[in-house]
Amino acid sequence: ISVLFLTLLLLFLALFPGAFNCCMKISHEIPKGILRRVERFEIQKADGLCHLEAVILHIKGKKFCVNPWNRKVKKMMRKMKHKIHRSKSHVRKQRRTRITKAKEQKQ
């Protein structure tokens, strides 16, 4: 019986890898100090295996599940997206400049 249970558990984990990664509870209030240290975030939708909408904040290997409608969380998400967008466009400009300089040197 235990072998059958173990086999079914492994099969379930293989078919639904995110089943145990869902947020089951969310915090409605979050200190500013935690929001300042967020390295990245994920959005969990209430569909499929996860039955709760949440924002998952990643801070030094830890996860915090917070209310996606919290004003502070929304503001932090906008700032992070803006920083990511700016840094990517900046890298592209530098790369184009290097390519142009290399072509000029060859001529």
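The values are calculated or read from the model by the stated rules, or taken from the named source; none is laboratory data. Just so we're clear, the structure is a prediction, and the values are computed from it rather than from any experiment. FYI the Cβ positions are ideal-geometry reconstructions off the backbone, even for glycines, and counts take in every protein chain you see. Calculation scope for accessible area: heavy atoms of the full protein, side chains included, ligands and nucleic acids excluded. Shrake-Rupley method; radii C 1.70, N 1.55, O 1.52, S 1.80 Å.
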Complete set of residues in the stretch 67-84 that are closer than 16 Å to Glu29 by Cα and surrounded by 11 or more Cβ atoms within 10 Å (Cβ to Cβ): Asn67, Pro68, Trp69, Asn70, Lys72, Val73, Lys74, Lys75, Met76, Met77
Residue within the stretch 43-66 that is among the β-branched types (Val, Ile, Thr), surrounded by 15 or more Cβ atoms within 10 Å (Cβ to Cβ), modelled with pLDDT of 80 or more and outside any strand (DSSP E or B) present: no
Which numbered condition Arg40 misses (of (1) charged (D, E, K, R); (2) open to solvent by 100 Å² or more (accessible area, probe 1.4 Å); (3) modelled with pLDDT under 90): (3)
Residue in the stretch 8-20 that is at pLDDT 90 or above and open to solvent by less than 40 Å² (accessible area, probe 1.4 Å) present: no
Tabulated pairs, the stretch 21-50, first farther than 17 Å from Lys79 by Cβ, second surrounded by fewer than 10 Cβ atoms within 10 Å (Cβ to Cβ) and modelled with pLDDT under 90, C-beta under 7 angstrom, 6+ apart or interchain: none
